[in-house]
There are 2 protein chains.
Amino acid sequence: MLSTVQDVPLLISRILAHGSTIHGTSQVTTWTGEAEPHRRSFAEVGDRSAQLAHALREDLGVVGDERVATLMWNNAEHVEAYFAIPSMGAILHTLNLRLPAEQLAWIVNHAADRVVIANGSLLPLLAPLLPHLKPVEHVVVAGPGDRSLLAGASVQVHEYEDLIAGKPTTYDWPELDERQAAAMCYTSGTTGDPKGVVYSHRSIYLHSMQVNMTQSMGLTDQDTSLVVVPQFHVNAWGLPHATFMTGVNMLMPDRFLQPAPLAEMIEREKPTHAAAVPTIWQGLLAELNANPRDVSTLGQVTIGGSACPPSLMKAFDDLGMRVCHAWGMTETSPLGTVARPPAHAVGTEEEFGYRLTQGRFPASVEARLTGPGGERIPWDGESAGELEVRGPWIAGAYYNGPDAEPLRPDDKFSEDGWLKTGDVGVISPDGFLTLTDRAKDVIKSGGEWISSVDLENALMSHPDVAEAAVVAVPDEKWGERPLATVVLKEGASTDFEALRSFLADEGKIAKWQLPERWTVIEAVPKTSVGKFDKKVLRRQYAEGGLDVTKL
Amino acid sequence: MLSTVQDVPLLISRILAHGSTIHGTSQVTTWTGEAEPHRRSFAEVGDRSAQLAHALREDLGVVGDERVATLMWNNAEHVEAYFAIPSMGAILHTLNLRLPAEQLAWIVNHAADRVVIANGSLLPLLAPLLPHLKPVEHVVVAGPGDRSLLAGASVQVHEYEDLIAGKPTTYDWPELDERQAAAMCYTSGTTGDPKGVVYSHRSIYLHSMQVNMTQSMGLTDQDTSLVVVPQFHVNAWGLPHATFMTGVNMLMPDRFLQPAPLAEMIEREKPTHAAAVPTIWQGLLAELNANPRDVSTLGQVTIGGSACPPSLMKAFDDLGMRVCHAWGMTETSPLGTVARPPAHAVGTEEEFGYRLTQGRFPASVEARLTGPGGERIPWDGESAGELEVRGPWIAGAYYNGPDAEPLRPDDKFSEDGWLKTGDVGVISPDGFLTLTDRAKDVIKSGGEWISSVDLENALMSHPDVAEAAVVAVPDEKWGERPLATVVLKEGASTDFEALRSFLADEGKIAKWQLPERWTVIEAVPKTSVGKFDKKVLRRQYAEGGLDVTKL
């Protein structure tokens, strides 16, 4: 029997209509590097989103579910693209400007982007790429930057402001199927071609509701969120959509992602929330230590993308900025877990331990752990397995062209449709996830798993260690053993024996897990999104490029 | 183009599975009137819900989308029924025990309830009704009460605890269509037959997410919610579902709804949130004034069902209990608006005014105002119209039997499918709704509308007035004019002239809106859910049963 409830689809156009009317006075503030940032109300963003949709349809001929790409920083125009493109029925395709040029070209060709909206400041990146972007016919340029870089390009070039000027400020948004594609994002896979995840109106809408639940980020129109996590990275963790749903003000850094301007925008604009990966916060911390500022408004700092070192969390606590750990990935929209301590731990010594976990799953994310042999691993807080998840905003496949069957590689999706995250961890009986490794980074030593992340965290808690990465290397006796690669702080002179003793002290690390192989490196190689790039280290080791000491 | 996101339905069984595992230690505490209340963990509720589903299927033969009725107070067993019945695919039908017997019988027959789960304490109500409940074959009795009242009834009688004892504590919940019926609730319409609203798994799931958003109630597992609003009244405003979604503890008053036990349970169990209609809070306030208690934990009090008088809101503020106004109805699941002041008003003199409105619509509830001629009324904060709403948890029809087309009466639903709420009000440019009247209670005087609610609130702010209701009565010259019916406080001797001057003072009420007709009554008649029953007053006036003074 069907219910008598109205059959109303969950659409991004509804989030836009709501945010730009009921929360019309909320603001998107974009950093300009000049005396004053640029401020635009949600009402204006609403008007301009309608204008942009008219321009895309009427001037550039965007129809149906065409992909429209953005190559942009976090700013008000990018927010307009976020709402205009899906609301009109097209698909927002955010391009990760940190990717190598050949990957970017591959992605644009794969998605068949005919229109690219780009920030002027990114033309030095786009211009040399253009000859390789076969489907691109139109480039729309927004914001400052040298347009002459596009001289001679075989595409039509448009000024964003000219294009939308004079267009109607309302648009008759179509009533779409909520399962229709709304946005897509390619993962920067470390092996093979990039893989596209296609979000639906429904998945983005539900995800936005979850972000706004008190147990997740729980922001309201009394908040301002400093959105450092890029809009080209999993929809900036869903913040532009979630903020329009509840009127949260957005503070957008544009291209000013260096520690000094970030510290300045926090002091001047007084955000109450911020979201970014740990490396950004590491840099900010160093800046604040060197040049103290009043950052006391920033009560909630969401850290995700990779694990937050305990030392960093403590340092932020001391500054009055409360770090909240979260875990997710491109394939999970990305909200997977949020580390809000359970009621019984709040205010106790246990609390910090809970905050260091990846967090707890919301009702809409089902989780299970699978062992190396495919067996189900219990939620006992001790037994590790690969995390698999299921839910209405979790990917069940990858994009394979508009008319092709989606890709469902066996190593990414279970037979019953769950996403294999590639993350290894444990889950406590009360549902807190602690990730210990990427499945591919786990060190398989004599039939047991050694967590590279545990070793790294322990190493990084040593006062002389700036960074440390641990990778598996082949070992005749044990199959694999850990190699510790260490970045020492300036002037530090600790030796490997001392570091090894430090790890063994107080039972931090079990004796059989202690690395024998050690090396000092200048910096840990990073991926385009700032994560440790361990495949580079493994390759350097295999090629004999590291000066390894065996204890 | 479809997205690559998993197609996972939004089901009540998921809320149950989540709440009973990740929040397994959260508790449902049921007041017993004895030294200790009864405590049951969410994990136990999960086990027992599975047991109840087994019993219903295997022992009572409940199959498909059969309706299973409950005639119960707010307690742990009722929560079990809330989860077991829809999760197994059947439909939870909550019976409003305050309805007149003949309406209850009509409803049970209309819904074709074959099984009724009833509290033992309600057998005095159920037993005499049973001969009129044709479809009922099984009565399952839970909790204390005199079973002998059912002796001789031509139904099978079961003990709840005996029925579920020994059954498996897990159940293979089916993967249903999220649009399938999950629960139903009949409105106690003041005219015509009661009308059934059938909620879906989807509508309840989405509504639960909204309730948990910070801008709505926003509770977490650090909270305990005192659920005074009955579970037979619009799913207790969605609280049992919402609490299982985030682990909020529930404090259930069972049949102890009198001011003294409510005050005692607040002091002893320290809830942080409570939800009830204004009349309950009026009674509690009087009790607390007579017998002061420590109620300081109760930081958030959700008031809905009818408007909260400003004096009551102030009195609760003074006790440290922050009232949050909300508006909704059976047809809206019920969350329609919540009165959280906008950021710019927080901490200013404007704030209290915003809190007195019905509140702001969330993104999922679209609203519009329609004038008497069907014209669209602007959101200018001044022009009144009938409120119409649309959204994924708003009714689009009424139940008309399992195989019949749903009912869509013209006075309840617009041609384009919006719900006509029957409420008249204004909406401010920033989306705050202020209801001034029920459409049928508006006084149409000389082509203008007079709000009966404005008059009532103004009257009730007079120190000698306990309650006041204003109704339209026929007038030769103006069409209709207001009749003021006043309940005076004990010992008060104010006369009508003084009250009329009080209304005119300080521009409270425009001169042309001041009532000429006045009467003193002993109490305002109330409906079964505690609202003013104005049709009784209109009838008494028409029949000459009121002693009216004309000034």
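The values are calculated or read from the model by the stated rules, or taken from the named source; none is laboratory data. Note that the structure is a prediction, hence the values are computed from the model and not measured. We place every Cβ from the backbone using ideal geometry, glycine too, and count neighbours over all the protein chains shown. These area figures cover heavy atoms from the full protein model, side chains too; ligands, DNA and RNA do not enter into them. Shrake-Rupley method; radii C 1.70, N 1.55, O 1.52, S 1.80 Å.
Summary of values
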item: Verdict on residue A:103 being in contact (Cβ under 8 Å) with a residue 12 or more places away in the chain, of a type in the set (S, T, N, Q) and touching a Phe, Trp or Tyr at 6+ places or on another chain (Cβ under 9 Å); result: yes
item: Selected residue (criterion: farthest from the other protein chains (Cβ to nearest Cβ)) from residues of region A:253-289 that are small (Gly, Ala, Ser), part of a helix (DSSP H, G or I) and open to solvent by less than 30 Å² (accessible area, probe 1.4 Å); result: A:283
item: Those residues of region B:12-44 which are open to solvent by less than 10 Å² (accessible area, probe 1.4 Å), of a type in the set (A, V, I, L, M) and either free of Cβ contacts under 8 Å to residues at least 40 places away in the same chain or within 19 Å of residue B:174 (Cβ to Cβ) (or both), in sequence order; result: B:12, B:15, B:16
item: Residue in region B:395-409 that is within 19 Å of residue A:246 (Cα to Cα) and either at pLDDT below 95 or touching a Gly at 6+ places or on another chain (Cβ under 8 Å) (or both) present; result: no
item: Identity of the residue in region A:219-238, assigned to a helix (DSSP H, G or I) and more than 14 Å from chain B (Cβ to nearest Cβ), that ends up most open to solvent (accessible area, probe 1.4 Å); result: A:237
item: Those residues of region B:419-436 which are of a type outside the set (Lys, Arg) and open to solvent by 10 Å² or more (accessible area, probe 1.4 Å), in sequence order; result: B:422, B:423, B:426, B:428, B:429, B:430, B:434, B:435, B:436
item: Number of positions in region A:420-453 that are under 26 Å from residue B:25 (Cα atoms), more than 26 Å from the chain's Cα centre (by Cα) and small (Gly, Ala, Ser); result: 0
item: Those strands (runs of 3 or more DSSP E) lying entirely in region A:1-99 with at least 2 residues away from chain B (no Cβ under 14 Å) and not basic (Lys, Arg); result: A:27-30, A:67-71
item: Residue B:313 under 24 Å from residue B:387 (Cβ atoms) and open to solvent by less than 30 Å² (accessible area, probe 1.4 Å); result: yes
item: Residues located in region A:316-339, provided they are in contact with an Asp or Glu (Cβ under 9 Å, 6 or more places away or on another chain) and open to solvent by 20 Å² or more (accessible area, probe 1.4 Å); result: A:327, A:329
item: Breaking point among (1) at positive phi; (2) in contact with an Asp or Glu (Cβ under 8 Å, 6 or more places away or on another chain), for residue B:135; result: (1)
item: Test: residue in region B:146-158 that is within 12 Å of chain A (Cβ to nearest Cβ) and among the hydrophobic types (A, V, I, L, M, F, W, C); result: no
item: Number of positions in region A:482-505 that are under 23 Å from residue A:535 (Cα atoms) and open to solvent by less than 10 Å² (accessible area, probe 1.4 Å); result: 5
item: Positions within region B:144-201 being on the phi > 0 side of the Ramachandran plot and buried (at least 17 other Cβ atoms within 10 Å of the Cβ), in sequence order; result: B:145
item: Of all residues in region A:340-372 being within 11 Å of chain B (Cβ to nearest Cβ) and open to solvent by 50 Å² or more (accessible area, probe 1.4 Å), the one that is farthest from residue A:309 (Cα to Cα); result: A:344
item: Residue A:166 more than 27 Å from the chain's Cα centre (by Cα) and not hydrophobic (A, V, I, L, M, F, W, C); result: yes
item: Near pairs, Cβ below 8 angstrom, 6+ apart or cross-chain, from region A:321-349 (under 20 Å from residue A:301 (Cα atoms) and part of a strand (DSSP E or B)) to any residue that is at pLDDT 95 or above and of a type in the set (Lys, Arg); result: A:323/A:355; A:324/A:340; A:324/A:355; A:325/A:355; A:337/A:360; A:338/A:360
item: Number of the exception - residue A:197 against (1) away from chain B (no Cβ under 14 Å); (2) touching a Cys at 6+ places or on another chain (Cβ under 6 Å); result: (1)
item: Residues satisfying the stated conditions in region A:407-436, i.e. in contact (Cβ under 8 Å) with a residue 40 or more places away in the chain, part of a loop (DSSP other than H, G, I, E, B) and either among the acidic types (Asp, Glu) or facing chain B (nearest Cβ under 9 Å) (or both); result: A:418, A:429, A:430, A:431
item: Residue B:485 being of a type in the set (Ser, Thr, Tyr) and either modelled with pLDDT of 90 or more or closer than 30 Å to residue B:342 by Cβ (or both); result: yes
item: Matching residues, region B:239-252, being away from chain A (no Cβ under 13 Å) and either under 16 Å from the mean Cα position of the chain (by Cα) or part of a helix (DSSP H, G or I) (or both); result: B:239, B:240, B:252
